[in-house]
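The values are calculated or read from the model by the stated rules, or taken from the named source; none is laboratory data. Here the structure is a predicted model, which is why all the values come from computation and not from measurement. Note that each Cβ is placed from the backbone with ideal geometry, even for glycine, and that neighbours are counted across all protein chains shown. We work out accessible area using only protein heavy atoms, side chains counted, and drop any ligands, DNA or RNA first. Shrake-Rupley method; radii C 1.70, N 1.55, O 1.52, S 1.80 Å.
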Amino acid sequence: MANTTSGTTVFDKNFAIDEIIEEAYERIGMQGVSGNQLRMARRSLNILFQEWGNRGLHYWQVANNSITLVADQAVYTMFRSTGDGTSDATAIYGVDDILEASFRNSNIDTPLTKINRSQYQALSNKTSTGTPTQYFVQRLIDRVTITLYLTPGSSEAGKFINFYYVKRIQDVGDYTNATDVPYRFVPCMASGLAFYLAQKFKPQMVQQMKLLYEDELQRALAEDGSSSSTYIS
C-alpha cells in the first residue's frame, strides 16, 4: 500500500522561532541550549532581519496604501516602527521606503515622478499649489516623509496619493511566533542564524557557515519577486 502525503503546506508558518533557533544551534554542533543562549539567538535573528533590509528589495514586503491630501500641506509622514511618534489610528507604520506613487482622483491614477534631494532643492517655488506631479522621499531614523510638488491646493484636498512602499520585516517577538518571511527564505534564515551564532560560539566554523548562508540567500533572492512576460527582439 502506497504511503499518503500530508496534504498540508504550512510548515513555514508552523516553524516557530524556538525551532529555528534549535536548528541553527544544531548546525554548529550545539544542542540543549537554554536561557541566555536562547535570548542571544533571538537577538541575532532580529539583527539578521535588519541585515536583509540592506540586501535590497524584498517583494513579499511590498504593500499598498493611500494618503488623504490636505490643502496647503506638502509633507506627509509615515513611521518606521509600530507606535513611533503618534497614537493616531490612521497612521502608517513599518515603512522603510516609498517605491512609486500616483495622484488618485475618483479612481483615476496619474503617476508621480520620484525626484531626489538635489532635484527638489532646485525647485524655485516649493509653495506653489496645484495637482502634485513629483515627490521627494526622506528616510529618517524613526520616520519616512514624502514631500509633494506641487503642494496640494483646495481643489486637491480630500483626494489621495496612492503608493507602494517597502515594509520592515516584523520583529521576532515570542519564541512561539512564526516569522514574517515566506517559505523560500526559511533555509537561508536558518543558515544565516547559524552563521551569526558561529561568530559567538564556534569561530572555527564562521567561514563555512558564511559560505552556506550566502549561497542559500542568493538562491532565495533569485526566486523572490513576480514573473512577467519578456520579449526580446
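Some notes on this structure:
- Within the range 155-176, residues that are more than 25 Å from Tyr135 (Cβ to Cβ) have Cβ atoms under 8 Å from residues that are in a loop (DSSP other than H, G, I, E, B) and of a type in the set (Gly, Ala, Ser) in these pairs: Gln170/Gly94; Tyr175/Ala16; Thr176/Ala16, counting only partners at least 6 apart in sequence or on another chain.
- Filter result for Ser81 (in a loop (DSSP other than H, G, I, E, B), within 16 Å of the chain's Cα centre (by Cα) and either crowded, with 16+ Cβ neighbours inside 10 Å or at pLDDT below 95 (or both)): yes
- For Tyr76, the criteria (1) of a type in the set (Ser, Thr, Tyr); (2) assigned to a loop (DSSP other than H, G, I, E, B); (3) at pLDDT 95 or above hold in every case but one, which is (2).
- Against the criterion of being open to solvent by 60 Å² or more (accessible area, probe 1.4 Å), among the aliphatic types (A, V, I, L, M) and modelled with pLDDT under 90, Ala89 qualifies.
- Members of the range 154-174 that are over 21 Å from the mean Cα position of the chain (by Cα) and either surrounded by fewer than 15 Cβ atoms within 10 Å (Cβ to Cβ) or closer than 17 Å to Ile47 by Cα (or both): Ser154, Ser155, Ala157, Gly158
- Qualifying positions in the range 110-132 - aliphatic (A, V, I, L, M) and either on the phi > 0 side of the Ramachandran plot or not in a strand (DSSP E or B) (or both): Leu112, Ala122, Leu123
Each row is one residue, and each column tells you yes or no for (1) in contact with a Pro (Cβ under 9 Å, 6 or more places away or on another chain); (2) more than 27 Å from Ala222 (Cα to Cα).
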| residue | (1), (2) |
| --- | --- |
| Ala2 | no, yes |
| Gly7 | no, yes |
| Ser34 | no, yes |
| Leu69 | yes, yes |
| Thr77 | no, yes |
| Asp96 | no, no |
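- Taking the criterion of being among the basic types (Lys, Arg), surrounded by 13 or more Cβ atoms within 10 Å (Cβ to Cβ) and more than 21 Å from Gln208 (Cα to Cα), the only residue of the range 25-61 that qualifies is Arg42.
- Pairs linking a residue in the range 181-202 that is surrounded by fewer than 18 Cβ atoms within 10 Å (Cβ to Cβ) to a residue that is not basic (Lys, Arg), with Cβ atoms under 6 Å and 6 or more positions apart or on different chains, are Pro182/Trp60; Tyr183/Asp12; Arg184/Ala220; Arg184/Glu223; Pro187/Glu216; Gln199/Val206; Lys202/Ile28.
- Only helices (runs of 4 or more DSSP H) whose full extent lies in the range 1-61 are considered here, and the ones with at least 1 residues that are of a type in the set (Gly, Ala, Ser) are 17-27, 36-53.
This table checks each residue for (1) open to solvent by less than 80 Å² (accessible area, probe 1.4 Å); (2) of a type in the set (Phe, Trp, Tyr); (3) out of contact with any strand residue (DSSP E or B) (no Cβ under 7 Å at 6 or more places or on another chain).
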{"site": "Asn107", "(1), (2), (3)": "no, no, yes"}
{"site": "Pro111", "(1), (2), (3)": "no, no, no"}
{"site": "Pro132", "(1), (2), (3)": "yes, no, no"}
{"site": "Val144", "(1), (2), (3)": "yes, no, no"}
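- Filter result for the condition that a residue is under 21 Å from Ala157 (Cα atoms) and either open to solvent by less than 40 Å² (accessible area, probe 1.4 Å) or in contact with a Cys (Cβ under 9 Å, 6 or more places away or on another chain) (or both), over Leu69, Leu123: Leu69
- Which listed residue is of a type in the set (A, V, I, L, M, F, W, C) and in contact with a helix residue (DSSP H, G or I) (Cβ under 6 Å, 6 or more places away or on another chain), from Phe79, Phe136, Phe103: Phe136
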